[in-house]
Structure formats: structure tokens, C-alpha cells
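Inspection log for the structure reproduced underneath, given as C-alpha cells.
The values are calculated or read from the model by the stated rules, or taken from the named source; none is laboratory data. Computed from a prediction, not measured in an experiment: that's the story for all the values here. Counting neighbours? That spans all protein chains shown, and the Cβs are built from the backbone with ideal geometry, glycine included.
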Amino acid sequence: MTVEENIVWSRILKDIVVTAQHGNDGNQIVAATKTLQQTAHQFAKVLNERARLLANSAQFDAALHDAAAIRAMIPRSGIGYLCTGDVYCQQGNHAAAIVIYHRGLKSVPKSDACYQQLQQHRKDAIANNNKRVDFVSRLPLDIVVTNIAPRLEPYHYERSEHHEPLYVSRAWRKRFLQQPNGLIFGFGEESETFARGHTELVRFAPYVQLLSGSFSDDVRLDDLFKRARFSNLKRLEITGDETSPRLPLVNGLRLIACTLTHLSIKVYPSVQLRDILETCPNLVFLDAENVDCVMPSSPSSRYPKITHLAIHEMPEEDRSHDNVIDILSRFPSLLSFEITPMPDSGVLTVLRNYFPYLQVLYFGDKNHSQEKKDVRPNGRKGVISAHLGGSGGNDYRRDDLLQFLHLNRNSLEELEFCGDIDDDDSFWKLENGKVIQQRDNQYSPLRSGDDDDPTQTGTSFMRLGSIEFTGAEPDACSPFITWLISNAPNLKTTLLNQSYIQSNVANAMIQSKRLSKLTLYERSADDEDYEGMIQFLQHHIEMGDQSTLEEIITYKISPEMAWIPLATRLKRLKKLKFLASDISEDCIPLMEQIGQGCPALKKLILGMPYAELPDGLLEPLYGHPSLEILKIGTRSLSANYAITLCTFKNLKSLELECDVSGDILDLLEYHLPKVELYPDPWR
């Protein structure tokens, strides 16, 4: 029989039912329990007084810690809830105070000495929470327009909705309308007409700088722009459908063309690129998806103002090499370019001929970031960030890919590759991190007068700091990875399929002097050849304190992954992240090795939201001397997990991506310095 070491104080203070006794022991037990209860209440009074003094000194976290201790010790007494709520009120956080007062009224009996105080303090907190001070009218105008107004941007998805700050008073409206970025409106999904409705949008049209939404059937966009003067509209984001007519869009664009600089248009096959380019002369940003890619008939037409161009879901009949080249030739100032599906890989080798200052490239891939920041000119030639995807089913010819990377060797900082490589009949091959010519010169892909031969000039990627390779077969990808790593002396981050880390790649990684972060994908259950990974980790184990490897991320964890025990022996590993959808009971011995190893480990992540985690997974970790941040992803946090986490004495922060009950959260917040629910997933 084991003794429970995790004490719940409220249980100790409960009256004990004596079922058997010796002599007068029963009465003495009752008396001892009463003494404990009296002592606990006296202790709670002292904690309450200290919390009050701490709060008066603005040490609110310490005060809340004392208040949580009172609630944990005597949860059926109102003093802890009252103390917590009063501290929140002193902070000005009346909403939090209302919640804790309400919880206290639900938890304590009406006969409790603090019950009426809880009622009154809750009433006062509600009243204070409803008080409003007109800071907007009193603060300096520059503070309102630069700090307050941008945080209250109106999005209108219904015709009847009102953005309340614009209707508080004339002073509020005047100030909110003066914000430098203007108003942001969204009209949602319009399926009827723009000829009526949308009263707010029409009323504030002169102040709208960004407008977004979708429409279908024969809804005419020009009906909206005819009703008001959108004199400051700079950004338009619209989505149509297969039935959306062409002329109403063109006429609508013409009405706002003088100010429009950014246009994102999706699912509008009736509209041609030339309609947009000829109608909107001031565009600098064009993102077109599923539109007809017909260019102006005059081959001399150029659009030097456009610096960002994205063409997605390009029709197959428009993806011929000549047509793509014709499109490229029209935009000499591009800094950012996206195209899907992937066209012929030979296009990669001529990009610099048409826009030499291109910085960001998504080729057969799409930038899924919701915030596509405008790329600024830096005066340097060459691609900085290349994302080469495989959408469309085309393969990258090895010569094309090699030549593109070589041409951008002096600028490239980030490379992502997810495609297939065709190495048939290649002029060059990659061997031991070098480019070697393997066919006669008559088959050379170099154009006449091009003396930039990678076999002669050599290739050093001095700026390359991050590479990601996924998708292709290991035999095709491994030579490229070896070449890149061997010639990138400042490489810090790699993301690779586990199957790519063969002997040649492992040797290149070993020679890399600054590699600090490694992320591993496993393509399938067959990716169980860990010899390269073992070779790499053994080298860093031998390096000891001189090892540069500080972070390892993997999306799977199992006892069969023979490299994990080696990772626990790394002297400078600071972050270990197992972003697995499930962790089995068989992995507990691995946790024991982590608990006894990883001397520099600061952060550990186990699981993802809704992952299944076994009981007993955390116990081996509680005594780790350096672990400061633990992040757990699962379906919901059990009481057993919570009790175990309370024993982690060195933990500075617990991050939870799961459902947590209020009682368990109180327990964790009492025992641990910091608890975060659903923190930033990218940290």
C-alpha cells in the first residue's frame, strides 16, 4: 500500500467520522480536527492580511498567490474568494473580480460570514465594470488615431450592423475617422445586390481604405461604387464565382482606379489579367486566383509600378513556357512573385533576366500567410527567400534547379523545397557536395555568353541560414541537401524528411559549424533507417560543451526511434519538441531518459491539441534540474496530470493546449509561477 504524497489540505480539515476507537481516542481526534480547523482559519486570516498589504504595494501577483492559497486550504469559506476579488478590483480588473465573486457565491454556504460581503462586492464590481470614462475625447488626438482607433477596426458583415465607436458622439466619430490607415470594411457574402443596403459602408465610403468580401450570381460590383465616392480606397479583396459577369467588375474597378494600389481577386474566370492591368494603372500589388491569364495584345506594355504579383490556379492552356515568359516580361520591378500550378522548371533559370531584384519567390507554391507584407527594395540582386513547391505534377529538372540555386548563391537566405526531381539526361550531377559535368558540352543548359558555370566558379551560399526539403525521393534529394549544407557555412536551421539523412547528408551536417536547429518529418512507417541521425548525434555528443545543436523538433515519438536516447546525452540541447498526435505508454522509458539527461534543457513540448497521452508520462520529468518551460498538448488535463505538475519545483512556465477545468487551473496557478492556456503556437 502506498502513501499519497500530494496533500489536498481541504481534505485534512474535514470532520473525520470515527468508526472504531480505543478509549477516549475518538474525542481526542475530534478535538484535534477542531484545533486544525481553527488554526487553518487563523492562518487564512494572516494570509488575507498579507495579501491586502501586498496589493496596497502593487505586488498583485504575490497577493493573488496568497489568495489562491486560502482558497486551496479552505475552499468552502468565502474569505479566499473575497480576498482574490478584492485584489482584482484593486488592479482595475473588475471583470475577473466578478467571476471570482460569483464562483465564491456558488461554493460557500449562505451562512458563511463572508457571504453577504461577497454579494455586495460583486454588486460593486459590476457597477464599476460598467463605468465608462471618455478617454477618446480627452486624450491627445495623435494617441487616439495611432494607438486606440487601430485596435477597434470595424468589420461589417451584415447590412444592419453598426460599428459602435462611430456612434458614441460626434467627437468620437471625428477622431476615429482621422486614423491614418482609414477604415476597414468587409461586406461578407453578397448574393442579392449592391444597389441597396450596406448603409454604413456607403455612409463612410470616403474613409474606407480596405474593402473585402465575396459575391455571387449576377451581383454587380459597380452598383456599390456608383452609390458613393470611395476616394481613399487603396486595398480591395474580392471573391466572385463562375457566374460573376466581367463588365460590372471592370466598370467598378474603373471608378476606384485612381487610388487603388492593392488588388486581390479570386474565382473570376470571366475577367482577364489585361482588364485589370489596363483599368488600374496605380497597382503595386496584384494577387489573382482563377482568372483568365490573357495579357494586353501589345508586347511593349509594361507595368513597372507592380512589385508584388501572384497568379494562382493558372489555367493549363496558359501555362506554356512562352506564355509564362510573356507574363514575366511585363513586370520589370517585381520584388515578390507567386505562381501555381508549377510551370516548366526552366522558367527558374531566366527569372533574373526579367526581374533582377526579385526577393521572394513562391514557385508552384503559395504564401498562405494572412498578412502578406510588402517587400521593400534593398538594392541587391538575387532571390532571398525561395519556396519551390510541386503543385501541378511537374518535376524539377535537376539542371534547372541546380542552375537556379547557383545563380542566387550570393543572395539566398531561406530555401523551402517540396517537389519531385527528374535527373534523367542531366548535364550536371552532384557528388560529395560538388557539381560535376557528366555530359558533352553540346548538352549544356548554359546559354551562349553565360560564363557562370557552377563546375568552374564554385558555389558558396554565404547568406543561407535555413533549408527545408520534403516531398521528393531520398536518392534525388540527398545530393542536393549535401551540396547545400556543405557550401553554406552560416546554416543554422534545417527541416528534413528523416529518410534524407543518409550517410552523405549526415557527414555534411557534422561539418556544419553553426547548425543549431533540426526538424524531422517521417514520410511513412518505413522511415526507420536512423543510422545517419545516430551518426550525427554521436558527433555532437563527442563535441560536449562545444556542440552547436540546441533544438530538435519531431512530429513522431516511439521507442523504435533509436536516436532519441542519444539526444538526451547532448550537453547543449535547450529545446526538445515532440509535436506528436499520440504518445503511447511505451514512450515512458524515453521520458525517464530525458528526466535523467539533457542537462541544458530549458523547454520541452509533449503532444499537440487533442493528442492522447498516457498516465505516468510526466512523473519521470518532475525533478529535471534545468527544465523551465513545459508545454503539453492533449484533449483535456486530468487531475492526475495536474497533481504531478504541481511537483515540478523548477518549472517557471506551464503552457497548456487543452481543456482545463476551473478547479484544476486554480490548483496549478497556486503551485506554479505561470500558467498559460493556448499560448502562441509558433514559440
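When we screen MET543, MET509 for residues that are under 27 Å from MET462 (Cβ atoms), out of contact with any helix residue (DSSP H, G or I) (no Cβ under 8 Å at 6 or more places or on another chain) and in a helix (DSSP H, G or I), the only hit is MET543.
Let's see how each residue does on (1) touching a Gly at 6+ places or on another chain (Cβ under 8 Å); (2) farther than 18 Å from GLY390 by Cβ; (3) buried (at least 17 other Cβ atoms within 10 Å of the Cβ):
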{"site": "LYS305", "(1), (2), (3)": "no, yes, no"}
{"site": "PRO315", "(1), (2), (3)": "no, yes, no"}
{"site": "ILE327", "(1), (2), (3)": "no, yes, yes"}
{"site": "GLU338", "(1), (2), (3)": "no, no, yes"}
{"site": "PRO343", "(1), (2), (3)": "yes, no, yes"}
{"site": "GLY364", "(1), (2), (3)": "yes, no, yes"}
{"site": "SER369", "(1), (2), (3)": "no, yes, no"}
{"site": "VAL375", "(1), (2), (3)": "no, yes, yes"}
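Residues in segment 126-144 that are modelled with pLDDT of 80 or more and not small (Gly, Ala, Ser): ILE126, ASN128, ASN129, ASN130, VAL136, ARG138, LEU139, PRO140, LEU141, ASP142, ILE143, VAL144. When ILE664, ILE643, ILE629 are screened for being surrounded by 17 or more Cβ atoms within 10 Å (Cβ to Cβ) and either under 17 Å from PHE578 (Cβ atoms) or among the aromatic types (Phe, Trp, Tyr) (or both), only ILE629 passes. If the condition is being basic (Lys, Arg) and touching a strand residue (DSSP E or B) at 6+ places or on another chain (Cβ under 9 Å), then segment 196-253 contributes LYS234, ARG235, ARG246. Consider ALA127 carefully, then state whether it is closer than 24 Å to ILE70 by Cβ and of a type outside the set (D, E, K, R). Against the criterion (closer than 24 Å to ILE70 by Cβ and of a type outside the set (D, E, K, R)), ALA127 does not qualify. PRO620 satisfies every condition listed in (1) without any contact (Cβ under 8 Å) to a residue 40 or more places away in the chain; (2) surrounded by 17 or more Cβ atoms within 10 Å (Cβ to Cβ); (3) under 25 Å from the mean Cα position of the chain (by Cα); (4) closer than 16 Å to PHE578 by Cβ except (3). Total residues in segment 230-262 satisfying the condition of being charged (D, E, K, R) and touching a helix residue (DSSP H, G or I) at 6+ places or on another chain (Cβ under 6 Å): the figure is 1.
Taken together, LEU570, LEU576, LEU566, LEU484 contain a single residue that is within 23 Å of the chain's Cα centre (by Cα) and either closer than 21 Å to HIS624 by Cβ or at pLDDT 95 or above (or both), which is LEU576.
Count, please, the residues in segment 282-318 that happen to be out of contact with any Leu (no Cβ under 9 Å at 6 or more places or on another chain) and free of Cβ contacts under 8 Å to residues at least 60 places away in the same chain.
Count: 15.
Might you let me know whether segment 282-294 holds any residue that is part of a helix (DSSP H, G or I) and within 30 Å of ASP422 (Cβ to Cβ)? No, segment 282-294 contains no residue that is part of a helix (DSSP H, G or I) and within 30 Å of ASP422 (Cβ to Cβ). When segment 56-73 is limited to residues that are touching a residue at least 40 places away in the same chain (Cβ under 8 Å) and closer than 13 Å to VAL46 by Cβ, the one that is surrounded by the fewest Cβ atoms within 10 Å (Cβ to Cβ) turns out to be ALA69. Looking only at residues in segment 92-118 that are surrounded by fewer than 15 Cβ atoms within 10 Å (Cβ to Cβ) and among the polar types (S, T, N, Q), the one that is farthest from LYS174 (Cα to Cα) is SER111.
Let's see how each residue does on (1) crowded, with 17+ Cβ neighbours inside 10 Å; (2) basic (Lys, Arg); (3) modelled with pLDDT of 90 or more; (4) part of a helix (DSSP H, G or I):
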position: GLU200; (1), (2), (3), (4): yes, no, no, yes
position: LEU211; (1), (2), (3), (4): yes, no, yes, no
position: ASP218; (1), (2), (3), (4): no, no, no, no
position: SER231; (1), (2), (3), (4): no, no, yes, no
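Within the set ALA639, ALA600, the sole residue that is in contact with a Leu (Cβ under 9 Å, 6 or more places away or on another chain) and modelled with pLDDT of 95 or more turns out to be ALA600. Regarding segment 171-182, can at least one residue be identified that is surrounded by fewer than 17 Cβ atoms within 10 Å (Cβ to Cβ) and in contact with a His (Cβ under 7 Å, 6 or more places away or on another chain)? Looking for residues that are surrounded by fewer than 17 Cβ atoms within 10 Å (Cβ to Cβ) and in contact with a His (Cβ under 7 Å, 6 or more places away or on another chain), one finds none in segment 171-182, hence no. Of the helices (runs of 4 or more DSSP H) contained entirely in segment 9-125, those carrying at least 3 residues that are modelled with pLDDT under 90 and out of contact with any Phe, Trp or Tyr (no Cβ under 7 Å at 6 or more places or on another chain) fall at 9-12, 25-56. Please work out which one of (1) farther than 30 Å from GLN59 by Cβ; (2) at pLDDT 85 or above; (3) outside the structural domain of LEU54 (by TED's automatic domain parsing) is the condition SER160 fails and give its number. It is condition (2) that SER160 fails.
If you take the residues of segment 233-256 that are surrounded by 17 or more Cβ atoms within 10 Å (Cβ to Cβ) and among the aliphatic types (A, V, I, L, M), which of them is farthest from ASP217 (Cα to Cα)? Once the filter is applied, the top-ranked residue is LEU233.
If you go through segment 232-282 and keep only what is farther than 22 Å from ASN323 by Cα and of a type in the set (A, V, I, L, M), you end up with LEU233, LEU236, ILE238, LEU247, LEU249, VAL250, LEU253, LEU255, ILE256, ALA257, LEU260, LEU263.
Given THR519, THR548, which one is of a type outside the set (A, V, I, L, M, F, W, C), closer than 23 Å to PHE578 by Cβ, under 30 Å from the mean Cα position of the chain (by Cα) and surrounded by 15 or more Cβ atoms within 10 Å (Cβ to Cβ)? Write out each step before concluding.
Numbers: THR548 fails: surrounded by 15 or more Cβ atoms within 10 Å (Cβ to Cβ).
Step by step, each of THR519, THR548 is checked, and only THR519 is of a type outside the set (A, V, I, L, M, F, W, C), closer than 23 Å to PHE578 by Cβ, under 30 Å from the mean Cα position of the chain (by Cα) and surrounded by 15 or more Cβ atoms within 10 Å (Cβ to Cβ).
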